[in-house]
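Read-outs: derived from the displayed coordinates by stated rules, not from any lab. Not measured: the values here are computed from a predicted model. Backbone-built Cβ (ideal geometry, glycine too); neighbour counts: all protein chains shown.
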Amino acid sequence: MKKSVVRWIAVLAAVVGVGTVSAAQAQPNYPDKPVRFVVPYPPGGGTDVIARIVQGKFQSVLGQSIVIENKGGAGGSVGTEMAAKSAADGYTVLFTLSSHTINPAIYPKLGFDTVKDFEPVGTVASLPQILVAHPSAPYNTVAELVAAAKAKPGTLSYASVGNGSPGHLAGELMKLKTGTQMTHIPYRGGGPAVTDVMGGQVPLLWVSIPAAAQHVKAGKLKALAVSTLKRSAAFPDVPTMAEAGVADFEVDSWYAMFVPAHTPKAVVERLNKALNEVVADPDVKSRLLAQGSEGVGGLPETLGKTVVQELGKWAKLAKDANIKVD
């Protein structure tokens, strides 16, 4: 009798275990309800702009509505933590910026682990940061800006979309490479930062091109340089920082999709397949290019390697430039 009971318990445990795995991994009808894209920045910034460019095509490919939820704060950490703690079922997707690999280097405590708490889906797009100023600023080149900063150390300030953003790192790298003193003014997103620079409250801004493109083209901001090794196709007349006289300067930013850890592999593969189809769409490619960005795509594993490599890269820069956030 005892042997029969033990055998029954073993069989029951095995069945329950198999059922749990099957329910988690199969999901043959995924997605069968709207998918939420958590954008950890306010509306109007570069991340939000890129998410909305691909939103429509994603809806078409997945056959479900894509709901964008902006959750800004702490350089993207607030929304990222919310996504990390969401159900691992593929219905919450973190749509974020490369600050994802910067924040661990400068924030002493985060409510998530960048590697352990997320599964990479794929890279959506990459683009430079752009250094812009108010049209009335008394400098039109990086050399003139550096001269002005050295003439009155500590009096100039620059804005970014927040602590830990690529723009923040670009500004600190600029200070380090040029030997200048400038004050960083962190905002809660690209939209508010751009508005204040256009209003004259802050003289300079390092920001992703999508957040500033229309304003530069309209003459409401003037562009001084881009942060990558090659010029932006959207602004071919704007020099790179290296061309502007600042050697060994590169801050490349990207937008990518992640899901909470332990999301079923089949769901990750479905999202990755959709992502690659979306960024290959001619209309999406054209709209991304108009914002100065290029569609990327690729495998989840490629994004995973990028995350690990950049965690080390930004940790070194944060140490060298003594970048800290309380």
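Can you tell which of Phe95, Phe37, Phe249 shows the greatest fluctuation in a Gaussian network model of the chain with Cα springs below 10 Å?
Checking each option, the largest mean-square fluctuation is seen for Phe249.
Explain nothing, just the number: dipole magnitude of the chain about its Cα centre with +1 on each Lys and Arg Cβ and -1 on each Asp and Glu Cβ, in debye rounded to the nearest 20.
That gives a dipole near 580 debye.
Pairs to check: Lys116/Lys177; Lys71/Lys265; Lys85/Lys177; Lys85/Lys324. Give those whose C-alpha atoms are more than 28 Å from each other in this structure.
In this structure, Lys116/Lys177; Lys85/Lys177 lie more than 28 Å apart at Cα.
Considering only the other residues whose Cβ falls under 12 Å of the Cβ of Val93, what net charge follows from Lys and Arg at +1 and Asp and Glu at -1?
Neighbourhood net charge equals -1.
Over the chain, what is the relative contact order in percent, taking alpha-carbon pairs closer than 8 angstrom and at least six residues apart?
27 percent
Once every DSSP H run of n ≥ 4 in the chain is given -39500 (n - 2.57) and the sum is divided by its residues, what mean residue ellipticity at 222 nm do you get, rounded to the nearest 500 deg cm²/dmol?
-13500 deg cm²/dmol
Kindly rank 297-306, 73-82, 52-61, 39-48 from highest to lowest mean number of other beta carbons found within 10 Å of each residue.
39-48, 73-82, 52-61, 297-306
Quick one: what do you get for segment 128-226 if you divide its Cα Rg by 2.2 N^0.38 Å?
Scaled against compact globular proteins, the figure is 0.94.
By what distance, in whole Å, do the Cα atoms of the chain stretch along each of the three principal axes, largest value first?
Cα extents, longest axis first: 92, 41, 30 Å.
Can you list the residues, at least 5 places off or on another chain, whose amide H is less than 5 Å from the amide H of Val202, using H built in the peptide plane?
Amide H neighbours of Val202: Val197.
What does the charge add up to near Ala318, with Lys and Arg as +1, Asp and Glu as -1, over the other residues with Cβ less than 11 Å from its Cβ?
+2
State which helices in the chain qualify, where a helix is a whole DSSP H run, it must extend 15 Å or more along its own axis by its Cα atoms, and its mean Kyte-Doolittle hydropathy must be at least 0.0.
Result, helices passing both filters: 2-25, 46-62, 265-279.
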